[in-house]
Amino acid sequence: MRPTGRLHIGHYFGALENWVRLQNDPDYDCFYFIADWHALTTHYAEDTRLVPQHTIEITTDWLASGLDPEKAVLFVQSQVPEHAELHLLLSMVTPLEWLERVPTYKDQIRQLAEKDLSTYGFLGYPLLQTADIVIYSEGAKGLFVPVGEDQVPHIELGREIVRTFNFHFGFHVDLAVQNEKALEYVGSTIFARYKKPWPGAKRLSLLQLSELKMLSTLYAKEIGYANFLREMGEHAGQFHLIDQLTEPAAMLTKTPRFPGLDGRRMAKSYGNAIWLNETDSEIRKKTKVMVTDPARKRRTDPGNPDVCPVYDWHKLFSPQQTLDWAAQGCRTAGIGCIECKAAMADHLIQWISPVRERRLQYEKHPARVLEIIDEGSKKARRVAQATMRRVREAVFDWQQKRQEIQGLAANSGS
Ligand code: SF4
């Protein structure tokens, strides 16, 4: 979640309710973070010193909503700099067109026309998102991202990028001098491909063997892994991929229809939200003027609850008995909208009271909130660092070079 300020009940039903459910499911280890670097991709020209305060506000709302630091890792993206390092490495294998054709890229540039988004940071944000997810590959059996339909293309892009990365840095050639038959077939095929004379498996020097491994990798990258294995036929077993990063998967989340007070999507900028710490009197005042079925103009007109935002809210906050009363009363003009809204507000207040109470407790102790995200960031960082240790080795294999040099030094007695 980006740190753009306090959260409203739309955020609760759009995401947090599901996050709480997942943290309580023993099948998942949950990582939830405040995406402060992502906020910069569109808000870099604004006062970025507000971000820490917004981060505290959001974390306070998370805790009030039931997220529990004992059950889920709650952290801040910029406190885990390994996200940025992996983003950089992923950028090396990601073709520019993949980012340019992400559907939200052009849409957002149009929607946010008042901002200058012709930056690399904005173009590359789906890549940073991929790094944010797959940096938690270490020890993971699967990586799932709870998202709505609109975010699926981002996850798909992430899968493509990970596949490409794994291929570039996880391709291994097992050919050994003992396996003459495989060596003969693979060597003659690959050397012929690069117009190099093939000395024959029996006369192959160690230097030529390492050249063969290098050329095999090059050839596989040129024609693609699947084609390469096909061409190697019965000797395909001499090659394998080690997945350095886990491909992410979308966990599609169905969110209930939850309009704002004016019937549009609930958003801070529309001024149509109920905040998670809203007072009873504010809730009553705001819901009194909520839009209803536009066709129900007079008290005596029957209405249709299926097109009424008040009824959508009833479905989330009211018990069945009240739902039946509202639907029946609306359709028969047996009740007026004023009493219908008042009943809904009563149940909304009942629902929000414990959330608001928890929020007040955390508001009084911002140091505790800070401690929770600092601790969470340390936990997240331990996992991210383990992934990066492995990934760095896969890219450069410095360990091998160090051992070689240390071995040489030991042999020469220096
Ligand atoms: Fe909406 Fe209730 Fe009025 Fe029907 S009676 S239009 S459900 S507010």
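The values are calculated or read from the model by the stated rules, or taken from the named source; none is laboratory data. All figures in this text were calculated on a predicted structure; none of them were measured in a lab. Positions of Cβ are backbone-derived with ideal geometry, glycine not excepted, and every protein chain shown enters the neighbour counts.
Observations on the structure shown:
- Picking from residues in the range 300-315 that are surrounded by fewer than 19 Cβ atoms within 10 Å (Cβ to Cβ) and farther than 15 Å from residue 342 by Cα, the one that is farthest from the ligand (Cβ to nearest atom) is 300.
- Some residue of the range 335-351 being among the charged types (D, E, K, R), surrounded by 12 or more Cβ atoms within 10 Å (Cβ to Cβ), under 30 Å from residue 66 (Cα atoms) and within 14 Å of the ligand (Cβ to nearest atom): yes
- The condition of being hydroxyl-bearing (Ser, Thr, Tyr), within 20 Å of the chain's Cα centre (by Cα) and not in a loop (DSSP other than H, G, I, E, B) holds for only one of 60, 104, 94, that being 104.
- Among the conditions (1) assigned to a helix (DSSP H, G or I); (2) within 12 Å of the ligand (Cβ to nearest atom); (3) basic (Lys, Arg), the only one that residue 297 does not satisfy is (1).
- Of all residues in the range 250-294 being closer than 27 Å to residue 154 by Cβ, surrounded by fewer than 16 Cβ atoms within 10 Å (Cβ to Cβ) and of a type in the set (Gly, Ala, Ser), the one that is farthest from the ligand (Cβ to nearest atom): 269
- Failed condition for residue 370, given (1) in the same structural domain as residue 71 (by TED's automatic domain parsing); (2) within 10 Å of the ligand (Cβ to nearest atom): (2)
- Restricting attention to the range 5-57, the residues being part of a loop (DSSP other than H, G, I, E, B) and surrounded by fewer than 18 Cβ atoms within 10 Å (Cβ to Cβ) number 12.
- Residue within the range 355-365 that is away from the ligand (no atom under 16 Å from the Cβ) and aromatic (Phe, Trp, Tyr) present: yes
- Residue in the range 117-125 that is in contact with a helix residue (DSSP H, G or I) (Cβ under 6 Å, 6 or more places away or on another chain) and part of a loop (DSSP other than H, G, I, E, B) present: yes
- Just one residue in the set 155, 161 is in contact with a Leu (Cβ under 6 Å, 6 or more places away or on another chain), under 23 Å from residue 36 (Cβ atoms) and of a type in the set (Val, Ile, Thr); that residue is 161.
- Residue within the range 378-386 that is in contact with a strand residue (DSSP E or B) (Cβ under 6 Å, 6 or more places away or on another chain) and surrounded by 14 or more Cβ atoms within 10 Å (Cβ to Cβ) present: yes
- Test: residue in the range 289-305 that is closer than 28 Å to residue 16 by Cα and in contact with a Ser or Thr (Cβ under 9 Å, 6 or more places away or on another chain): no
- Test for residue 381: is it in the same structural domain as residue 52 (by TED's automatic domain parsing) and either touching a residue at least 12 places away in the same chain (Cβ under 8 Å) or in a helix (DSSP H, G or I) (or both): yes
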